[in-house]
1. Collect the residues in region 232-257 that are touching an Asp or Glu at 6+ places or on another chain (Cβ under 6 Å) and either of a type in the set (D, E, K, R) or not in a strand (DSSP E or B) (or both), keeping them in residue-number order.
2. For region 246-261, indicate whether the set of residues that are more than 16 Å from ligand 2 (Cβ to nearest atom) and either open to solvent by less than 20 Å² (accessible area, probe 1.4 Å) or more than 27 Å from residue 79 (Cα to Cα) (or both) is non-empty.
3. If a residue must be more than 9 Å from ligand 1 (Cβ to nearest atom) and open to solvent by less than 20 Å² (accessible area, probe 1.4 Å), how many such residues does region 204-214 contain?
4. List pairs: first residue in region 211-227 and free of Cβ contacts under 8 Å to residues at least 24 places away in the same chain and under 12 Å from residue 328 (Cα atoms), second residue among the aliphatic types (A, V, I, L, M) and surrounded by 24 or more Cβ atoms within 10 Å (Cβ to Cβ) anywhere in the structure, Cβ distance under 7 angstrom, at least six positions apart or on different chains.
5. Report every pair of residues separated by at least 6 positions or lying on different chains whose Cβ atoms are under 6 Å apart, first residue within region 69-81 and within 16 Å of residue 154 (Cα to Cα), second part of a loop (DSSP other than H, G, I, E, B) and open to solvent by less than 60 Å² (accessible area, probe 1.4 Å).
6. If you go through region 188-208 one residue at a time, how many are in contact with a helix residue (DSSP H, G or I) (Cβ under 9 Å, 6 or more places away or on another chain) and either part of a loop (DSSP other than H, G, I, E, B) or charged (D, E, K, R) (or both)?
Amino acid sequence: MEKLVSNWYNVEPVPENYIFPPEQRPGNVHVPIGEGIPVIDLSEAEKGGRTLTIQKILKAAQDFGFFQVINHGVSENLMNETASVLREFFEMPSEAKQQVYTEEFSKSCILFTSSISYAQEKIHLWRDFLKHPCHPLHKWQHFWPQTPTRYQEIVGACSVEVKKLASRILGLIGEGLGLKSEYFEEELSGRMIMTGLHYPPCPEPSLTLGTSEHVDADVITILLQDEVKGLQILNEDEDKWIGVDPIPHAFVVNIGALLQVISNNKLKSAKHRVVTNKSRFRTSVAFFVTALEDSVIEPAHVDQVHAPAMYKPFTAKDFVAKYLESNADTEATLGYFRA
Ligand code: OGA
Ligand code: NI
């Protein structure tokens, strides 16, 4: 429990095991915000604009690997409630958090700090996190925190809505890739894991990281962020970071490594990170939609003549094993399965 950043963040100077080496530290955390990351109005897909919406999503997924969705059908009230119940969870007194805190990472609900590589990593991340599966709901909901008392109900309702939204977006992406719109249903999106992330204020944001540079190891991620800036995407062509604008009631959507494989590198799984700030807590809720363990991941229906498959087939379970073996290095993991 003493490890949780939220229990001791008000210190100066920052402890040495939180200071990243110069080439990894963010330096200037104030980067341009938005910079063309598309904001897509999903309601247009139902108003005769389906083809155009698909084109916008595909272009965003190719160019940035990230986009935001508005008018997505999840109620603003439910989004507000979800954000506040997560914030309340992290703000509970330590005796209450003690019930959920664990260093046994095989448990179905984990409250911990930095990452599950804490014991091996040299430098820790300036964040605490709460992690649990959330689909199918009936299988997991009873493992979740019992306080705040409305946690299970609110996060349960939000999980159901986010799963539906993910299916809708994957349906549009499937169509855009020339696949059947049900291509991603069941097997390829049968699991969903939620991570609530809590980033306390940090006295030295230029030296530390909330979340280090990474690519998500799932199919697709749907993120609910609060009004505090911090999420940044790497523009690899120009080697510069772009901030994701915290648009109220939008979801941030990003392409995971498995979807990059399925699309045979047509869609990009982009590197991103989270920086800290001096004065405000930041809370985000990430829903990682991913494939069932035994499902086979491979480039979908590729034309062998014009576009040979870039990856060998592998199971989602193999991917996770290699991912853990490589210390959560998604690029190295993808390299292993390259054709
Ligand atoms: C992640 C992630 C972003 C955020 O957990 O994979 O990128 O805003 N989180 O916390
Ligand atoms: Ni991520």
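1. 246, 249, 256
2. Pass one, region 246-261, residues more than 16 Å from ligand 2 (Cβ to nearest atom): 247-250, 261.
From what is left, the residues that are either open to solvent by less than 20 Å² (accessible area, probe 1.4 Å) or more than 27 Å from residue 79 (Cα to Cα) (or both) are 250, 261.
Scanning region 246-261 turns up at least one residue that is more than 16 Å from ligand 2 (Cβ to nearest atom) and either open to solvent by less than 20 Å² (accessible area, probe 1.4 Å) or more than 27 Å from residue 79 (Cα to Cα) (or both).
3. 3
4. If the second residue must be among the aliphatic types (A, V, I, L, M) and surrounded by 24 or more Cβ atoms within 10 Å (Cβ to Cβ), no pairs are left.
5. Within 6 Å, the pairs are 76/249; 79/249.
6. Result for region 188-208: 6.
Residues checked against (1) in contact with a Phe, Trp or Tyr (Cβ under 8 Å, 6 or more places away or on another chain); (2) more than 22 Å from residue 289 (Cβ to Cβ); (3) open to solvent by 20 Å² or more (accessible area, probe 1.4 Å):
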{"site": "101", "(1), (2), (3)": "yes, yes, yes"}
{"site": "113", "(1), (2), (3)": "yes, yes, no"}
{"site": "119", "(1), (2), (3)": "no, yes, yes"}
{"site": "122", "(1), (2), (3)": "no, yes, yes"}
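The values are calculated or read from the model by the stated rules, or taken from the named source; none is laboratory data. Everything numeric in this text was worked out from a predicted model, so none of it was measured. Glycine gets a Cβ as well: all are built from the backbone with ideal geometry, and neighbour counts include every protein chain shown. Just the protein is used for accessible areas: all its heavy atoms, side chains included, with ligands, DNA and RNA removed. Shrake-Rupley method; radii C 1.70, N 1.55, O 1.52, S 1.80 Å.
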